[in-house]
1. Which of the peptides 27-37, 60-70 is most tightly packed, and how do the rest follow, judged by the mean count of other Cβ atoms within 10 Å per residue?
2. What distance in nm separates the simple spin-label points at Thr101 and His56, each placed 7 Å from Cα in the Cβ direction?
3. For region 67-94, list residues with backbone N below 20 Å from a point placed 7 Å from the Cα of Ser41 toward its Cβ?
Amino acid sequence: MNRFAPLLLATSLGLLAACHSGMSNRDYLHENVASWNGTVSMVEQWTNGPNGESFHASLQDGKSMQQHRFGLKNAHKEIADRLVFVQQFTHGKDADALHCTRTCSIP
């Protein structure tokens, strides 16, 4: 019987892990904050960061935005990918309002 105890324990833990659907509220909040912080840092690169200086100078001088097109496309794709990632989070009923606010805030 002792030989089967580790196998039984491993199987039980596997079943528990498989049956546990969704994230804990703490994990959900942690992932949301991490995703939001990543989005904010991406936007800040184009508003206050090194890309932002060049971007704003081009806007003020009426220059072509072509030089910024590639970087902005990449930023847009990364933010869109984050939105898809966040929309896939499973959450508890008590986090419905937060989830809706979070996913609706990034068009």
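1. Highest mean packing first, the order is 27-37, 60-70.
2. 2.9
3. 71-87
Taken together, the values in this text are just the output of simple stated rules run on the coordinates, not laboratory data. None of these values were measured; they are calculated from a predicted model. Every residue, glycine as well, gets a Cβ built from its backbone with ideal geometry; the counts of neighbours run over all protein chains shown.
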